[in-house]
Structures are given as structure tokens and as C-alpha cells.
Amino acid sequence: MSIESSSLFKGPRIPANLIYGKSQMAERVRAHDWSSTALGRIEHWPDGLLCAVNLMLACAFPSLVFWGTELVQLYNDAFVPLLAERHPSGLGQTAQQCWWDAWQIVGPNLQRVMVGQETVYYENAVVPIMRDGRLQDIRWTYNYSPIFSPDGHVLGVLVICQDITREVTAVQSLRDSEARALRVLQSIGDAVIVTDTETRITQMNPVAEQLTGWTMEEAKGELLANVFRIVNETTRQPLESPADKVKSIGRAVGLANHTVLISRAGKEIAIDDSGAPIFDDAGQLNGIVFVFRDIGEKRATEREKDRITKRLSQFLGATTDAIVGIDRNWVMTYLNPRAAELYASGREIIGQNLWEAFPGAVYEGSPYVEHYYRAMNEGVSSAFEAHYPEPLNLWLRIDVYPTPEGIVTFSQDVTEERAAREALKEKSEQAERQLAEIETVYRTAPIGLALFDTKDFRYLRLNNRQAEFFGLAPEQIVGRTLTEMAPIEGLRELFEQVLAGEPVINFPLEGEVATRPGEHRYWTVSYFPVVAADGTVQAITAASLDITQQKKAERALMQSEKLAVVGRMAASIAHEINNPLESVTNLLYLAEHSTDPTKTKEYVRIAERELRRVAAITNQTLRFHKQSSSPQGISAQELIDSVVSVFQGRIMNAGIRVEDRKRAVQPVRCFEGEIRQVLSNLVSNAIDALHPQGGRLLLRSREGTDWSTGRRGIVISVADTGKGMPGSVQRRLFEPFYTTKGLNGTGLGLWISAEIIDRHHGALRFRSSQKEDRSGTVFTMFLPFDAVSR
């Protein structure tokens, strides 16, 4: 089945290039060069493909579409993370190109959909693919659905899938964690007893067995009070069960001071302990854990430790670091003022178990657990940075040191420092990206770009397009001066103007470059100063566009239009010359056969006058097309008379009445041949507009001012009383090759006329009306007296 078979889709035609949505992948699909794939350009895509792609792009689940027998791949934003390093190159690839490493699985599935028209669904399937440079087993839940045409053919495959590797791994990690927790329980140096909500024992570690005198098998199911018998060391009165206290207040508690445990054998052991509730995911009490230890020796050293702690507190209270002392039972024994401010937040945490007071520090891979246990158990000092979640929500830099009693931590709040560092890194990366983008634009820009120093105007850098002007590589030009590469008159003066702080914008430039002598070229250039913070010009930027071919094309068009004007005038000139020549022929015949000398002289005199008329017409025609290499001064009357004389025959034949009013006296300096061409075009158009019904041709001249520039000059108006032009024609009047005369017009006359007037720094305007009794068209040409400088 070929892509063209998708034309089986019927119904209203969707615009060929309509890819909806503002997502990143929708933008990528629109911008992608699909002509290099089997799908072809977007505007040629069939409706079925457009519908499938738009549906897929709008889907919130990771989705992709394989289309056609080539199985060309498109995917949405949600699928990008699953592609990893395959993005963005995977867009437009075939399924086999993109998923080559899993093709032994993906290929048969796609075959079942495309050929067997099946829907393929797998849950928790292992598909090994390359990620991060190595082959990994990725677990997927995916669904391959056929995309049918109305006649039942499968045009492509819609894939919706999820990478569930993390979820599967999390479940396994939970199981491992439970097993590890049991091992940890057995290896903890303190006695640990775990009960259910009824305070019946469910777990005991070996230390608890040793201190209580009960084995786990004997104690399991017994009430805590039967196994864990405690009394006050002084009064010998039984103490409140810590289980009851935990249940009543719903939080961790510790034993009262001077607590003694009476073992099963009657041995008394001084202990301290803590009990804490165990909650399930719903926040309901699920059990209680008790941790206790033999503190006989500890009691003896407490007084000494208190003395040392008091001493240290005076010293440590002055530091800005948050210092926390933790004993080997993970009980926080000391907080300096900064630590109390940072961690306690008004609550009493001294004497509490560290992990219970800060449960957010306990998680898989926690650096707190890793470094604290290493310092506690191995005596290894270390430092790390880590984030602590709510309620602290802080980034901390922590140094941890082992001590004889346990560990001590020195902490600093680096949240703001880290945010500043991240912001700086992000700005740096953003700046690098922007610089890369700018560099790419600079190198690939379709116009010439260059940077010059301000001393000798030497090339500091340039792009490939600028180097092409000289036919050299950029590195062959860097270091050379501007005038060395382009010895064009006035160019250095332009750069000195920019150096003075005045930009040059869209300036026409022509000449030759040093590497291509004899090849005259044209450019449009813009030069700008690069200004430092102190206002000094540090460099000059240049943007150049080579318009040589455009200039050649314009000249060719102008020449062709001029030849067309000559052709149109040929009939008029022939008619003008033919009439007096016929008169001369007749007069010579009469003179030859006349016997009256007086009449013969009269015939000869009239014939001479007709020949002078022919000479005048010939002279006007020659002047009309003579193009001087330098501008000349000429009056408005001379310009109008020379043009009207050429069209006199057409004017008379069309029954046109010429009305002129010539009030401009001061001559204008111009290329008179070009201005005659413009007037000839305007008069010819007016005659065409009046043919065949006739009418009035109004020619006016006066002195005036172009208020947009303030320059004085002459204004010549050419008006007719024809039918006028509709708005649709007026809007396109100066477009090249646009004509209303069919095969009789070139569509270049007014376009070239406007270009000539613009080159003379003048203005060409018009107005036209089709209103009854007020129809007609008026063209107004303004030329400054100094239209062309000397």
C-alpha cells in the first residue's frame, strides 16, 4: 500500500498544511523538511494523515504515529522524554531507523498491525533499547492500533505507550527495603521491640532479647507490659507503660529519668528508651516501636559530659554555623543558638532521636544517612550538600565529624547561595545558547555581514556570504583593509562618517573588488557603529546585499520597454511624415506641369515648407531617444512639446482635444531622454484611455514644492477625461508586468517610469475616478530643479 492510497479518505478537504496546536512538537512538525521523506510536503498530505497527526499531537499521553508502508515516524511532546537521545532526529525517520535496537520486537508488532490489521497490546513488557550510551531493559505498557482508511486498508499505526520502568523498579525497591529494614533491625546496637496497636510484641532484635531475658519466640504475641517491666530506680514504683503513652499522644516519647528494667531473671538494668508510633499510608496507627539501651556506664559519664557541654556551648554559641551534637543512639544532645534557630523552629528537639525529629532525611540514597552513618560507624569525616524538604525547605552544606560520643555536624544554609549559583549557571547556559544561535545566524545569513576595526578599517570577522563577494574564504580576508579588498571611490569616506557616529542605511554602492577586476557590481549597504558603554565607537558593522543581477535585470527591462515605446511610436511617426511627403509629391507634380512661373514658385515654396515640417518631426524623434551621458537643463514646455509632436497623428485620429497650460519657466536639470520616456508613457496611456470616443487631454506645468522634502521644482500634470480606473487596477498600477492592455501592453511602463522619477529624486502620483460626468485620470509628476547633481 502506498502513501497515495490514503486518498481513499473522502469528505471535506482539510487545508494541506494545517497542523494545529502550539506545542513544541507541533512547531517542529510544521518546520520539518518533509520533502526529504516518503510523506512529501505537508501541503500534499492526505486528510487521514493530517487527522491522525493532529490527534496524536493533541494527546496528553506519550503517542506516536507510523505512516505508510515506510512507517515514517511522528510523535508528540509527551513522547519526547521516552526518546531520550533519539530526539529530535527521530522525527521523520522510519520505524526501523529509529528503533533499530529493538526492531526484533517492534518490527513483528508493526507487521501484525499493518498486515494482520490487529490491535497489539502489552503490559509490563521488557523491550531492551539503547539509552545513555548503553543497552537497557525498559519496561513498557503499550498499545499499537491500526489507522484504517474508509475501505478497510491500514494506512498507519497509532502508538500509545508508557515507560513504567521506574514504577516496576519502585515496587521491587519497596520489597528490598522491607527485607533490608528487617536486617537493620537485627543489626541495630540498641534493643528494639515492635508491637501492634494492642501492644502485643511482633518483633524483637537480639539486644532486646538479651536485656529482657525473653527470646523472640517466647515474647511474640505477649503484651509489652509482661516483657518490658520497668520501675523507678529510687521509688521502685512501676512506671507508666510507654506503649500507653504513645497511643494516647500519638507521637514519640521517652522514658522518665532513673528508669530500671527488670529482666525475666530479675536482673535490674538502668535504661533509657523511646517509643514512637508507626503509621500506615492513611495516617492510622499501625504499631509502636521501642528503642532502649543499657545506660549503666552512661549514667556515670553524664555529669562529666554535662560539664564539657556547658564549656563548649560558650564557645560554639558564637559561631554562625549550625552545630548539632548527636550521640551514638542518634539522640541530639546539643544545638548551638544558630542550630536552634535553623532546625528547632520553636520546638524542643534536644534529646530526640535525629531520624524521628527529621524524617525527611531518611530515604533511599539519602546523603544524610550515608555520611552520618559513615562518620558514626567508621569514624570518617565528610562534607556534602543536600536539600531538606518541608517544613525547612532548605539547601544545606553540612560537615560531619566523628566524636567519641557520636558525631557532630556543622551546617550552613546555602539556599540563597545555591539559587544564585543555579541562576548564574542558567544565565551562562542561556547566554551560550544565544551566542550559538547568533553565530549560526551570522554564518548562514543570506546577506554579507562583517566587522571592522576603527583604526585602518580592517576586517575583524565576516560571514561566508560576505567572503563570496571576493571569491575567497573568510580566513583569507580577515586582517585586510577595506580599501585593499574594495577600492571603491567614496567607500572610506562612508566608514569615516560611521566612525563619527552617523550610521549609513541602505546606501547604493557600485564598483569593483580587488579579486575580480573588470567585473562591475552593485550593492545595497548599511554600516553601523558599535558603541561602548562610555560612548566611544569600538568597531563598525557592515551588512551588504549584492544586487548586481537585479540591476542587470532592471536595465534589461528598461531597455525592452524603451524599444516597446519606439515600436508604438513608429506608426505615429510614419503617419506624421507621410502626410507632408504626399503633399511634396503632389506639389512637385503641379510645378512640373505648370506653365505659370508665379504658380510654379508658389508650389515650390509650399513643398519646401512641408519638407521643413518633415525635418522638424525627424529632429524631435531623434531628440526624444537621444540619451545624454550627462544631465542637461530643459524646460517643461520643451519636454511637453517634444512629446506631443510625436503623438500628433494619434491625437488627431482619435479626435482628442489637447488643452495645455505651461506656467513653469525655470528649467530642470535631468536626463531629458528618460523624462521624455516617462511623459511619453503617460501621454500614450491617456490617448489609449480616450480611444476611440475622444475627449480632452490636459497638459499642465507649474512650479511647486514637494512638501515631504521641501525641495522646489516643476510639476507636470497629464490628465484625460476617459472612463477612469477601478480600485483593483489602481492598487496594482505600479507592479511590474501588470497591464490592462492585453497583448498590446508590457506592464513595465509605469513601473519603469516610477523608477526613473525616483532616481531623479522626484515623485509620481495619480488619482482616478469613475463617477458619472466626473470620470478620468490625472498623473502628476514632480521634478526638483536639481533632479540630477552636476
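Would you mind working out the magnitude of the charge dipole of the chain relative to its Cα centre, with +1 at each Lys and Arg C-beta and -1 at each Asp and Glu C-beta, to the nearest 20 Debye? Please report the intermediate quantities before stating the final value.
Details: 86 positive and 98 negative charges, 847 e Å.
Magnitude of the dipole: close to 4060 debye.
Annotation: per residue accessible area for segment 237-277 equals 51 Å², rounded to a whole number [probe 1.4 Å, protein chains only]. Between residue 112 and residue 592, full extension at 0.36 nm per residue minus the direct alpha carbon distance yields a gain of 161.9 nm.
Is the shape of segment 259-383 rounded, prolate or oblate, going by the alpha carbon gyration tensor and its root eigenvalues a ≥ b ≥ c, with a/c under 1.5 for rounded and a/b larger than b/c for prolate? Oblate, since a/c reaches 1.5 and b/c is not below a/b. Projecting the Cα atoms of 120, 266, 67 onto the charge dipole of the chain (Cβ charges, centred on the Cα centre) puts 67 farthest toward the positive pole.
By how many nm would the segment from residue 196 to residue 89 lengthen if fully extended, with 0.36 nm per residue of separation less the alpha-carbon distance? Walk me through the intermediate numbers first.
On the way: separation 107, 0.36 × 107 = 38.52 nm, distance 5.72 nm.
Full-extension gain reported as 32.8 nm.
A dipole drawn for the chain from +1 and -1 charges on Cβ atoms has a positive end, and of 434, 598, 760 the residue lying farthest that way is 598.
A compact globular protein would have a Cα radius of gyration near 2.2 N^0.38 Å; the ratio found for segment 51-111 is 1.06. Cross-link pairs exceeding 28 Å in C-alpha to C-alpha distance, out of 245/267; 455/552; 267/298; 552/662, comprise 455/552; 552/662.
Could you report segment 75-230's accessible area per residue, 1.4 Å probe, as an integer in Å²?
Numbers: 8040 Å² over 156 residues.
Computed with neighbouring chains in place, this is 52 Å² per residue.
Nearest 500 deg cm²/dmol is fine: what mean residue ellipticity at 222 nm does the chain get from its DSSP H runs of n ≥ 4 alone, each adding -39,500 (n - 2.57), divided by its residue count? Per the formula, -11500 deg cm²/dmol.
D for segment 179-292, whole µm²/s, Stokes-Einstein with Kirkwood Rh over alpha-carbon pairs at 20 °C and 1.002 mPa s: what number? Provide the component values of the computation, followed by the final result.
Numbers: Rh = 14.2 Å.
Translational diffusion coefficient: 151 µm²/s.
Label point 7 Å out from residue 416 along Cα-to-Cβ: which residues of segment 386-400 have amide N under 17 Å? The answer is 393-397, whose backbone nitrogens lie closer than 17 Å to the label point.
Of the solvent-accessible surface of the chain, computed with a 1.4 Å probe over protein heavy atoms with every protein chain present, carbon and sulfur atoms account for 53 percent. Note on the chain: dipole from Cβ charges, positive end direction compared against 499, 400, 522; the farthest Cα belongs to 522.
Arranged from highest to lowest average of other beta-carbon atoms within 10 Å per residue, in what order do the peptides 47-56, 369-378, 394-403 appear? Intermediate results must be reported in sequence, preceding the final value.
Working: 47-56: 20.0, 369-378: 16.3, 394-403: 18.5.
Top to bottom by mean Cβ count within 10 Å: 47-56, 394-403, 369-378.
For residue 714, the residues whose modelled amide H falls within less than 5 Å of its own, excluding neighbours fewer than 5 places apart on the same chain, are 704, 783, 785. Put a plus charge on the Cβ of each Lys and Arg, a minus charge on the Cβ of each Asp and Glu, and nothing anywhere else: the dipole of segment 360-422 about its Cα centre is then about 100 debye.
If you sort 304, 416 by accessible surface, 1.4 Å probe, largest first, the order is 416, 304. Ordering of 680-686, 240-246, 595-601, 520-526 by packing is 680-686, 240-246, 520-526, 595-601, highest average first (other Cβ atoms within 10 Å, averaged per residue). Counted as membrane-span-like here are DSSP H helices of the chain whose alpha-carbon atoms extend 24 Å or more along the helix's own axis and whose Kyte-Doolittle mean is -1.0 or above; these are 165-187, 548-593, 597-625, 672-690.
Kirkwood hydrodynamic radius of segment 634-780, from the reciprocal of the average inverse Cα-Cα distance over all distinct pairs: 15.8 Å. Fully extending the segment from residue 188 to residue 767, taken as 0.36 nm per residue of separation minus the present Cα-Cα distance, adds 198.4 nm.
For the chain, what is the convex hull (Cα atoms) projected area averaged across all directions, in square nanometres? Walk me through the numbers on the way to the answer.
Working: hull surface 251.8 nm².
Computed as one quarter of the Cα hull surface, the answer is 63.0 nm².
The values are calculated or read from the model by the stated rules, or taken from the named source; none is laboratory data. Predicted, not measured: the structure shown is a model, and the values here were computed from it. Glycine also receives a Cβ, built like all others from the backbone with ideal geometry; neighbour counts cover every protein chain displayed. Heavy atoms of the whole protein, side chains included, go into the accessibility calculation; ligands, DNA and RNA do not. Shrake-Rupley method; radii C 1.70, N 1.55, O 1.52, S 1.80 Å.
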